[in-house]
1. From (1) farther than 29 Å from D57 by Cβ; (2) surrounded by 15 or more Cβ atoms within 10 Å (Cβ to Cβ); (3) modelled with pLDDT under 95, pick out the condition that doesn't hold for H275.
2. Which one of these is of a type in the set (A, V, I, L, M) and touching a Gly at 6+ places or on another chain (Cβ under 8 Å): I199, I177, I219?
3. Kindly indicate whether V295 is in contact with a Gly (Cβ under 6 Å, 6 or more places away or on another chain) and surrounded by fewer than 21 Cβ atoms within 10 Å (Cβ to Cβ).
4. Given the criterion in the same structural domain as P186 (by TED's automatic domain parsing), in contact with a Lys or Arg (Cβ under 6 Å, 6 or more places away or on another chain) and closer than 27 Å to Q198 by Cα, identify the matching residue among I20, I6, I35, I61.
5. Return the residues of region 245-302 that are within 22 Å of R217 (Cα to Cα) and of a type in the set (F, W, Y); say none if nothing qualifies.
6. How about region 84-117: which of its residues are assigned to a helix (DSSP H, G or I) and within 14 Å of L138 (Cα to Cα)?
7. What is the one condition in (1) within 27 Å of I202 (Cα to Cα); (2) buried (at least 20 other Cβ atoms within 10 Å of the Cβ); (3) not hydrophobic (A, V, I, L, M, F, W, C) that E130 does not satisfy?
Amino acid sequence: MLKQLINSLNHVLFGKEKEIRLLLNALLADGHVLIEDVPGTGKTTLAKALAVLVGADFSRIQFTPDLLPGDVTGGAIYRQNTGTFEVHRGPIFTQILLADEINRASPRTQSSLLEAMEERQVSLEGIRHELPALFMVLATQNPVEFHGVFPLPEAQMDRFIIRLSIGYPDEATELKILRTERFSKPIQSLQQVITPDQILNIREEVKKIHVEEALERYIISIVLATRSHAGLRLAASPRAGLSMLRMAQANAYLDERDYVTPEDIQFVIKPVMAHRIFAVESGFGVTEGIIQEIVKNTPIPR
């Protein structure tokens with residue numbers, strides 16, 4: 001079922017096998033995904049396709065400067081005929097939530113997702129409301145160079161298990177897109193290949209994937225190295241190490257292994273770490289360069 005899921009996504013988003021693999025890892029690791037890229041590269045299509053293939057409830061929120069927290073979470077509505085307030089649940093009460101252009105909304109509205117992403121619940125009028133067992137936020141973000149964007153707070157960035165960048169397609173893929181979507185969109189022919197309950201069962205199996213102590217210490221060494229690096233003003237949190245472990249376990253599961261290898265960890269280091277650490281010097285590729293330096297200087301267990 002997972003292979004069929006991957007194949008179906010590859011028929012919707014051409015030429016992005018690595019990004020789709022990382023998205024599936026995040027789904028199996030029970031994490032949220034931040035997709036940062038320019039408009040028109042397939043971010044929204046990827047989120048919709050995943051929801052269809054998993055058979056999950058799907059909601060899309062277009063984040064804009066005038067969006068309010070209540071537009072996301074819901075709130076109390078006064079019913080004049082009864083003279084009482086009735087709690088109205090917002091679009092966040094779903095299984096897969098697409099937060100489109102999340103950094104166009106104000107920090108106050110962005111923060112309305114924090115409780116849901118971490119605790120899988122929403123507080124409305126003093127009452128806690130549980131979210132579905134399968135709850136995943138796919139947030140798209142415009143590059144900071146774009147006009148009218150509000151940078152996401154560090155605490156919110158840390159709640160995304162990975163950050164993806166889809167990027168522009170190459171010439172051959174661009175030609176394939178032109179020919180394939182001339183008459184219809186591939187997403188229109190998608191059918192469900194797995195159920196939310198099956199995903200939840202697989203997540204429990206992923207947690208049982210064996211991780212040697214040497215590999216646990218390898219992850220810790222990478223995280224600790226960010227805290228002593230002179231080029232960073234904000235290092236990785238303990239959540240970063242846990243996210244790296246969970247993503248590596250999911251990657252091993254997709255390879256049909258019951259144990260994690262150093263290659264599993266190295267495959268997920270950059271997407272897990274790049275949005276959690278912040279360099280003293282701002283500039284394109286500075287953070288990624290520091291990650292590469294840390295990985296290069298950290299001995300790989302064998």
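1. Just one mismatch for H275, condition (1).
2. Criteria check complete, one pass: I219.
3. No.
4. Going through I20, I6, I35, I61 in turn, the sole match is I35.
5. Of everything in region 245-302, those that are within 22 Å of R217 (Cα to Cα) and of a type in the set (F, W, Y) turn out to be Y253, Y259, F267.
6. Matches in region 84-117: I102, N103, Q110, L113, L114, A116, M117.
7. (2)
Quick grid of which residues meet (1) surrounded by fewer than 14 Cβ atoms within 10 Å (Cβ to Cβ); (2) under 30 Å from L67 (Cα atoms):
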position	(1), (2)
M157	no, yes
G167	yes, yes
L178	yes, no
F183	yes, no
Q188	yes, yes
I202	no, no
E213	yes, no
I222	no, no
G231	no, no
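The values are calculated or read from the model by the stated rules, or taken from the named source; none is laboratory data. On a predicted model such as this, the values are computed, not experimentally measured, just so you know. All Cβ positions, glycine included, derive from the backbone under ideal geometry; neighbour counts span all protein chains shown.
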